[in-house]
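Let me begin by presenting the structure, written as structure tokens, before commenting on it.
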Amino acid sequence: MSLESQIADLVSAANKLTATFSGKKTEIDQAVARAIAATPELSRIWYVDQIIGDDKAGKGTRAEPFSSIRKCIDSTPKCGRCEVRLLSDYEMRENVTLGGDLYILGQDASRKLSTSFFKWGETESSMYGFYVTSINMLSFDTLELSFPESNLLSPPLTVAAGLLGFVRASGWNYLGISVRIRNSSIIAPSTFGGALLSAYVGAFTLMCDTTVFPDDFGGKYIFGVAAGTLPVNLSNVLTNLKKL
């Protein structure tokens, strides 16, 4: 076989290999594109108006908002990021369990996010709030967080720490709670007997930016942590607050 023939055969084989590669590459690219298209968007933005919204007929848009935060979480893929934009003031009427990160924002203006107490069994009362079930971030932005009075409760407020926090976890061995509050204010009467965070967790992260607390809110940031406690003396608390 002449050198020219060998070169021709080599070129032909190289061309076939190139064509095979190009075909396989196209197939792989198409398969990757199909897989990406089939992957759900994990970050969702929903609008909520507790006055005129509708969880059944609404689409979660500004024009057709939902009426509850729970509906927003249920409509977001598990472990995804759920952003809730409140178009009106919102009253907590049930406990809400997070499925991933939750970001609640007052849309267009500061919105009041208030909670209330409810009867827990026959002898105690508890407070509506947020349950964190995994390592999630709960953020409040441009809100007025309003807490209720405790002294007129009948039955009295429960002593179970896990039920007293506005943000809490549902087990003794839970790893931690992460909360960020920005551009907000906290409204709480002096008789408020609950806390911002519960004590049934191993660690707390609480970051507050441009947020105003009542002067007598000490001892109510984290249930069980005495007023005036310095965070530097707590090994399980990370916060930018100077004292609790």
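The values are calculated or read from the model by the stated rules, or taken from the named source; none is laboratory data. Nothing here was measured: the structure is a model prediction, and the numbers come from that model. Methodologically, a virtual Cβ is constructed for each residue, glycine included, from the backbone with ideal geometry; neighbour enumeration extends over all protein chains shown.
For Trp172, only one of the following conditions fails: (1) modelled with pLDDT of 90 or more; (2) not in a strand (DSSP E or B). What is its number?
Failed condition: (1).
Within the bounds of the range 27-42, is there any residue that is surrounded by 13 or more Cβ atoms within 10 Å (Cβ to Cβ) and either at pLDDT 90 or above or closer than 30 Å to Val132 by Cβ (or both)?
Yes, because at least one residue in the range 27-42 is surrounded by 13 or more Cβ atoms within 10 Å (Cβ to Cβ) and either at pLDDT 90 or above or closer than 30 Å to Val132 by Cβ (or both).
Do any strands (runs of 3 or more DSSP E) lying entirely in the range 44-159 carry at least 1 residues that are of a type in the set (Gly, Ala, Ser) and in the same structural domain as Phe204 (by TED's automatic domain parsing), and which ones are they? Steps first, answer last, please.
On the way: elements: 81-86, 101-106, 111-114, 117-120, 124-127, 130-132, 137-141, 143-146.
In the range 44-159, 101-106, 111-114, 124-127, 137-141, 143-146 are the strands (runs of 3 or more DSSP E) which contain 1 or more residues that are of a type in the set (Gly, Ala, Ser) and in the same structural domain as Phe204 (by TED's automatic domain parsing).
I need a count of the residues in the range 62-81 that are at pLDDT 95 or above and either polar (S, T, N, Q) or touching a Lys or Arg at 6+ places or on another chain (Cβ under 7 Å) (or both).
Residues that pass the stated criteria total 2.
Considering only the range 49-84, state which residues are over 20 Å from Tyr128 (Cα atoms), surrounded by 17 or more Cβ atoms within 10 Å (Cβ to Cβ) and among the basic types (Lys, Arg).
Hit for the range 49-84 is Arg81, nothing else.
Out of the range 198-213, which residues are at pLDDT below 95 and not hydrophobic (A, V, I, L, M, F, W, C)?
Ser198, Tyr200, Gly202, Thr205
From Met92, Met127, grab the single residue that is touching a residue at least 12 places away in the same chain (Cβ under 8 Å), surrounded by 17 or more Cβ atoms within 10 Å (Cβ to Cβ) and under 19 Å from Phe66 (Cβ atoms).
Sole residue among the options that is touching a residue at least 12 places away in the same chain (Cβ under 8 Å), surrounded by 17 or more Cβ atoms within 10 Å (Cβ to Cβ) and under 19 Å from Phe66 (Cβ atoms): Met92.
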